[in-house]
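For reference, the structure discussed in these notes is given below.
The values are calculated or read from the model by the stated rules, or taken from the named source; none is laboratory data. The structure presented is a predicted model; accordingly, all values stated were derived computationally and were not measured. Ideal geometry is used to build each Cβ from the backbone, glycine not excepted, and the neighbour counts take in all protein chains shown.
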Amino acid sequence: MFSPLHSTYHDDYDGGRTFHVQHTFKKENPAARRIRLDRKEHVRMAFIHAWNGYKEHAWLHDEVMPLSGGSKDPFDGWAATLVDSLDSLYILGLQKEFEHALAALESIDFSKPNAERVPVFEITIRYLGGLLGAFDVSDGKYPVLLQKADQLGEFLINAFNTPNGIPVPYFWWQRENERLDGEAGVVIAQIGSLSLEFTRLAQLTGKRKYFDAISKVTDHLDHAQNNTRIPGLWPSQIDTKAPSFEGSAFTLGAYADSLYEYLPKEHILLGGQTNQYLRMYRNALAAATKHHFFQPKTPGNQDILFPGSLDAQNEAPSLRTEVQHLACFVGGMVGLGSRITHSISELKTAIKLTESCVWAYQNTASGIMPEIFYIDQCPAEGSCDWGHENVEPGHQHGFTSVADASYQLRPEAIESVFVLYRITGDPVWQDKGWDMFQAIIKYTTTAIANARLDDVTSSNPLQADSMESFWLAETLKYFFLLFSEPDLVSLDDYVL
């Protein structure tokens, strides 16, 4: 999602604070420019190939099936890939495709889902985020985008109608007379990753109720943050009735990832007019640095950091050295936060966290990072010497086991690489990203679009018949922006 930093929900907005996030780039030499533009065009052609496959085989459905040419509708059948990719189409300069998609958008009624159950979090990030992002990057030239976003917002706000204001994770919208109440076992990201979209909707429509709704959720999270089993962090699942945050499993990956990601971004989006989100982020970062981040034992003794998972059933939290592709956003998050706080040490941490995911890409036979793997932790004291024969990357050496060898076309690693490039200006990140792109395209491309992979530890991974909307909406967008001119979607002007 993209959000220009030039408006707010406040009636008395005075401009807020401007955050200088991006590196000040110098003039590019001709040779570097030729390489960059060639890479940019390769990304653009990959996007067009996948978009055309969706358009031909699954138009107005949520997802295309890139092997069979079929379609599926896991997100209420409102054309998730189309809506989620609108801002990407505009950013890539595909104006005719963008306007064709807008014409199709007119036919979608966001007040009437094509399913009984609405997953509030997924609908918010894929649809509401897609509509608002496209409205913002196109400078508000297409009113239909905001109209549809407001229509969807008016529908989704009903999910917040609970006794304590925390939305239900799944909204059975046709049960008009059924009371909405809290539930046990709710994934923390489902309630903690709605703030950017609802805040931006409030800013653009002037409807304060959207911001008020999300602020109630934030207040619950704020109140609980220092009263969990690991103060500063939230458990991955909670009971939203009270609410209760007594869970003992903690992660920065699946179930919790975007909750943390949104904290510094929301601070920037609000122009620093409140310190609530920044304070929550700072508390979370301190706890994550202490408990989650660990140096792995690797061939070549890499100076990198991974975020692991935590078990807090006992008095002292115990670390599980589980590494998730989903958690690769953390490097970019810490990098962005370092620009808010002007912290050189945090930037160094961000670099180590991002380098770890790049290393994980390099360390498989396919050149693509697995979804989940385990790796040994360096000792708390003394040297962290690999102690074995030094081997070249690409052989899974260092991984103690691979729990999920798939690649699901995820954007988290390239998002952090892109952010690190934009805030440091170091072209080495473009080279790292290019290696990632080449490997991904080599193995995921089908005759129709791009497919998830079953086993990236294989030198010839099998493809699966799935392509989620974030492939076009995020992954390829970040690759494209990595090789674009730095002022295209500048991080000084937009929140992604």
How many residues are free of Cβ contacts under 8 Å to residues at least 40 places away in the same chain, farther than 21 Å from Val428 by Cα and of a type in the set (S, T, N, Q) when one looks only at the range 320-369?
1
I'd like to check something: does the range 98-106 contain any residue that is in contact (Cβ under 8 Å) with a residue 12 or more places away in the chain, surrounded by fewer than 19 Cβ atoms within 10 Å (Cβ to Cβ) and of a type in the set (D, E, K, R)?
yes
Inspect all residues belonging to the range 401-412 and state whether any of them is surrounded by 22 or more Cβ atoms within 10 Å (Cβ to Cβ), in a helix (DSSP H, G or I) and in contact (Cβ under 8 Å) with a residue 60 or more places away in the chain.
yes
Tell me the residue from Ser484, Ser416, Ser490 that is in a helix (DSSP H, G or I) and within 30 Å of Gly271 (Cβ to Cβ), please.
Ser416
Do any strands (runs of 3 or more DSSP E) entirely within the range 294-371 hold 2 or more residues that are surrounded by fewer than 20 Cβ atoms within 10 Å (Cβ to Cβ) and either at pLDDT 95 or above or acidic (Asp, Glu) (or both), and if so, which?
318-320
Of the conditions (1) at pLDDT 95 or above; (2) over 15 Å from Arg126 (Cβ atoms); (3) among the charged types (D, E, K, R), Glu197 clears all except one; give me its number.
(2)
Restricting to the range 156-201, name every residue that is under 24 Å from the mean Cα position of the chain (by Cα) and either in a loop (DSSP other than H, G, I, E, B) or surrounded by fewer than 21 Cβ atoms within 10 Å (Cβ to Cβ) (or both).
Ile157, Ile166, Pro167, Val168, Pro169, Tyr170, Gly185, Val187, Ser193, Leu194
Out of all the residues in the range 377-394, is one or more in contact (Cβ under 8 Å) with a residue 12 or more places away in the chain and buried (at least 21 other Cβ atoms within 10 Å of the Cβ)?
no
